[in-house]
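Student: Below is the structure I would like to discuss, written out as structure tokens.
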Amino acid sequence: MALDGIVVHNLTKELQDLLIGARISKIAQPEKDALLLTCKSKSNGTKRLYLSASPSLPLIYFVEENKPSPMTAPNFCMLLRKHISNGRIVHIHQPDLERIIIFEIEHLNELGDLCHKKLIAELMGKHSNLIFTDENGKIIDSIKHISAFVSSVREVLPGREYFVPNMQEKASVFSINFEDFHNRVIAKGMPLFKAIYNAYTGISPLIANELCFRASLDADCSTSSLSDLEQQHLYHQFELMIEEIQEGIFNPNIVYENEIPLDFSSLTLTQYGDLKCTSFESISKALETFYSSRDLYTRMRQKTSDLRKIVTTALERNKKKLQLQNRQIKDTKKRDQFRIYGELINTYGYHLEEGCDKLICTNYYTDEEVTIRLDSSLTPQENAQRYFDKYNKQKRTFEALTTLLKEAQAEIDHLESILTSLDLATSEEDLAMIRDELFDNNYIHKRSNSKQKSRKSKPLHYRTSDGYDVYVGKNNYQNDELTFHFANGGDWWFHAKGMPGSHVILRCPNGEEPSDTAYEEAAALAAYYSNGRTSQKVDIDYVIKKEVKKPNGAKPGFVIYYTNYSMTIAPDIQKLTLIK
């Protein structure tokens with residue numbers, strides 16, 4: 001994943017289409033290293049442009065809503081308001097394929113004279129910055145000040161001359177020819193993808209790998225191993241890619257792996273094969289979607305880490321307990337043999353001589369001859385009673401362990417369902433409900449302060465391609481609420497077979513029979529919101545809701561049903577629409 005020069009080129013073109021001629025009506029600085037510009041034009045209306053120079057997340061994209069800003073505007077924001085508030089954007093461009101976008105703005109000064117300024121967004125990882133210069137390139141100020149103590153390459157301070165850094169001495173892709181390509185790439189004698197992105201401006205490792213894939217070459221092979229034909233083919237693919245960029249043929253897209261955004265690009269990524277790829281009309285929307293999704297995934301993983309640790313620790317403890325109990329119950333397998341030995345001694349022991357240490361007789365249950373060890377100091381009756389005592393002791397142990405095994409397995413199933421709930425959590429309300437469940441079941445000893453708030457978390461609501469409403473529980477409390485309080489008796493209930501997962505309710509207004517499509521898409525939801533979501537196919541049980549029962553004292557989310565249908569389906573929910 002990389003905000004490379006090609007994505008910035010796509011973004012620059014989009015900004016040109018939407019912002020050239022627009023006036024800057026508002027300037028805000030919602031974060032210490034970010035700006036929010038509200039721009040208005042007759043042709044495109046109001047647009048809010050977010051510019052971030054965050055070292056971990058440098059980006060530019062359009063946002064729908066305002067972001068909260070400090071009550072007192074920072075100095076850089078005040079400076080911009082003084083100079084370019086109500087200024088008009090007259091030009092937007094990108095130097096070569098650098099990760100830099102330059103906004104040229106004209107405005108009237110205090111005397112009413114027309115002036116020009118530049119706002120320069122450098123989106124270069126830890127070197128990112130937002131720089132404000134006059135029309136001659138002299139720096140007026142920047143959102144980050146870079147002194148000579150910080151960088152020996154370039155100072156970014158008021159009064160200094162602005163210039164585009166060229167620290168890596170890469171060549172421009174727009175002046176490419178085969179001789180130059182050969183000298184800069186083929187002759188390097190290093191892994192092919194590394195040679196490509198080290199040679200040219202704006203090419204990221206992702207695009208270098210994509211180029212190798214399009215040329216049917218191993219990205220890790222050495223450049224010195226390429227035949228003349230392979231070199232020509234690679235160069236031809238590079239030329240075609242540069243033509244796409246020059247002609248503005250972009251396909252903003254995000255590649256997903258298990259519904260987690262993996263990579264984004266402005267060019268079609270063919271290297272990911274069968275992974276899900278979603279295209280967007282604008283690169284700005286793709287960036288916003290990608291980073292908001294990644295941010296949500298990362299943030300929820302961080303916020304659930306303490307709960308995951310509690311659940312995982314309890315799960316491991318219960319699994320060890322289950323293993324120990326299984327070993328103990330194996331030791332009771334001979335209990336019936338002890339009972340039979342006692343019966344055989346009572347049957348055949350009357351003829352034993354005093355002091356005999358064994359009894360050889362026929363087992364009348366199997367017609368086999370057996371040898372029974374005896375205590376020579378005891379009478380036959382006492383030996384028989386000794387075997388009956390062993391039998392009764394192991395019988396009691398077996399009965400107790402059978403109950404304990406069921407309880408331990410139920411506890412494991414419950415904990416695994418909570419882990420699944422943590423994977424499905426998308427909000428603080430979801431986490432609060434899970435904390436409540438952990439408290440109610442004595443896994444944690446401090447109740448969440450947001451008990452009432454947690455109950456406001458709602459199940460997911462989808463609509464099938466033919467118009468049926470489907471609801472999905474995101475945790476065990478929601479599953480119980482959805483199945484036993486929300487659903488009607490004539491609705492259909494779906495769940496992944498033999499694994500933790502969500503309860504899925506297919507609404508059937510007036511008890512009507514759903515379509516086959518509705519059944520399949522509801523089953524796909526049950527597959528997707530289960531532990532089998534990464535599998536190609538998942539077995540799904542489905543039954544009319546009135547057949548689903550909850551045993552007394554059962555754990556949250558646990559149900560039983562005896563008559564059901566089943567189907568096997570892929571966890572693909574692309575045909576369904578999420579209703580927010």
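Student: Within region 481-514, list the residues whose amide N lies under 16 Å from a label point set 7 Å along Cα→Cβ of Lys549.
Tutor: From region 481-514, the list is 484.
Student: Can you tell me the length gained on complete extension of the stretch Ser465 to Lys334, counting 0.36 nm per residue apart and subtracting the Cα distance?
Tutor: Stretched fully, the Ser465-Lys334 segment lengthens by 41.2 nm.
Student: Please pull out the direction-averaged projected area of the chain, using the convex hull of its alpha-carbon atoms, in nm² to one decimal place.
Tutor: On the way: hull surface 173.4 nm².
That works out to 43.3 nm², a quarter of the Cα hull's surface.
Student: Evaluate the Kirkwood expression for the hydrodynamic radius of region 271-375, namely the inverse of the mean inverse distance over all pairs of different C-alpha atoms, and round to one decimal in Å.
Tutor: After inverting the pairwise mean of 1/r, the radius is 21.2 Å.
Student: Turning to a different aspect of this structure: Show log10 I(q)/I(0) for region 458-579 at q = 0.11, 0.17, 0.20, 0.22 Å⁻¹, two decimals, from a solvent-free Debye sum over equal Cα scatterers.
Tutor: -0.30, -0.76, -1.08, -1.34
Student: Related question: Measuring from the lowest to the highest alpha carbon on each principal axis, how far does region 310-420 reach, largest first, in angstroms?
Tutor: Sorted largest first, the three principal extents are 66, 29, 15 Å.
Student: Also, quick follow-up: Using only Cα atoms, tell me the angle between helix 428-440 and the longest principal axis of the chain; keep it within 0 to 90° and round to the nearest 10.
Tutor: With both axes taken from Cα atoms, the answer is about 20 degrees.
Student: How big is D, in µm² s⁻¹, for region 271-332 by Stokes-Einstein at 20 °C and 1.002 mPa s if Rh is the Kirkwood radius over C-alpha pairs?
Tutor: 134
Student: So if I take the centroid of the Cα atoms in region 277-347 and the same for region 123-148, what is the distance between those two points in Å?
Tutor: What the calculation gives is 52 Å, centre to centre.
Student: Shape call for region 358-492 from the C-alpha gyration tensor, a ≥ b ≥ c root eigenvalues: rounded (a/c under 1.5), prolate (a/b greater than b/c) or oblate?
Tutor: prolate
Student: Under a plain spin-label model, where a point goes 7 Å from the Cα along Cα-to-Cβ, how far apart in nm are Glu106 and Lys580?
Tutor: Distance between label points: 3.9 nm.
Student: While we're here: With an 8 Å Cα cut-off and a minimum separation of 6 or more residues, compute the relative contact order for the chain in percent.
Tutor: 8
Student: Quick check: from the Cα gyration tensor, does region 5-142 come out rounded (a/c under 1.5), prolate or oblate?
Tutor: It comes out rounded by the Cα gyration axes.
Student: Leu114 to Asn441: extension gain in nm, 0.36 nm per residue of separation minus the Cα-Cα distance?
Tutor: 110.6 nm
Student: Express in nm, to one decimal, how much length is gained between Val370 and Lys537 on full extension, taking 0.36 nm for each residue of separation and deducting their alpha carbon distance.
Tutor: On the way: separation 167, 0.36 × 167 = 60.12 nm, distance 5.26 nm.
That works out to 54.9 nm of additional length.
Student: Output the relative contact order of region 443-580, whole-number percent, from Cα pairs under 8 angstrom with separation of 6+ residues.
Tutor: 27
Student: Okay, next question. As an exercise, use a Förster radius of 51 Å and the Cβ-Cβ distance of Cys221 and Ser305 to find the FRET efficiency, rounded to the nearest 0.05. It would help to have the intermediate numbers written out before the result.
Tutor: Details: r = 40 Å, r/R0 = 0.78.
Efficiency for this residue pair is about 0.80.
Student: Which loop GluC sites (Glu not before Pro) in region 499-542, with loop taken from DSSP, have no more than 10 other Cβ atoms within 10 angstrom of their Cβ?
Tutor: Glu512
Student: From the phi angles alone, apply the Karplus equation (6.51, -1.76, 1.60; θ = phi - 60°) to region 215-224 and give each ³J(HN,Hα) in whole Hz, x where the residue is Gly or Pro.
Tutor: 8, 6, 10, 6, 4, 8, 6, 6, 4, 6
Student: Quick one: Karplus J couplings for region 6-20, per residue in order, coefficients 6.51, -1.76, 1.60, θ = phi - 60°, nearest Hz, x for Gly and Pro?
Tutor: 6, 4, 5, 5, 4, 5, 4, 4, 5, 5, 4, 5, 9, 10, 4
Student: Once you have a ≥ b ≥ c as the square roots of the Cα gyration tensor eigenvalues for region 182-254, tell me rounded if a/c is under 1.5, and otherwise prolate or oblate according to whether a/b is larger than b/c.
Tutor: prolate
Student: Right, something else. How high is the FRET efficiency between Ser54 and Lys393 when r is their beta carbon distance and R₀ equals 51 Å, given to the nearest 0.05?
Tutor: In this case the efficiency is close to 0.15.
Student: Quick one: if you stick a label point 7 Å off each Cα along the C-beta vector at Glu428 and Asn326, how many nm between them?
Tutor: For Glu428 paired with Asn326, the spin-label model returns 4.3 nm.
Student: Any idea what the relative contact order of region 173-299 is, in percent, if you count C-alpha pairs under 8 Å spaced at least 6 apart? All intermediate terms of the calculation are to be shown ahead of the outcome.
Tutor: Working: 156 pairs, mean separation 24.1, N = 127.
Computed over region 173-299, the figure is 19 percent.
Student: Which value in nm describes the separation of the simple spin-label points at Lys285 and Ala148, placed 7 Å from the Cα toward the beta carbon?
Tutor: Going from the Lys285 label point to the Ala148 one covers 5.0 nm.
Student: Using only the alpha-carbon atoms, how far is helix 305-330 inclined from the longest principal axis of the chain? Give it as 0 to 90 degrees, nearest 10.
Tutor: So the inclination is approximately 20 degrees.
Rule-based calculations on the coordinates, nothing more; no lab input. This is a predicted model, so every value here is computed, not measured. Positions of Cβ are backbone-derived with ideal geometry, glycine not excepted, and every protein chain shown enters the neighbour counts.
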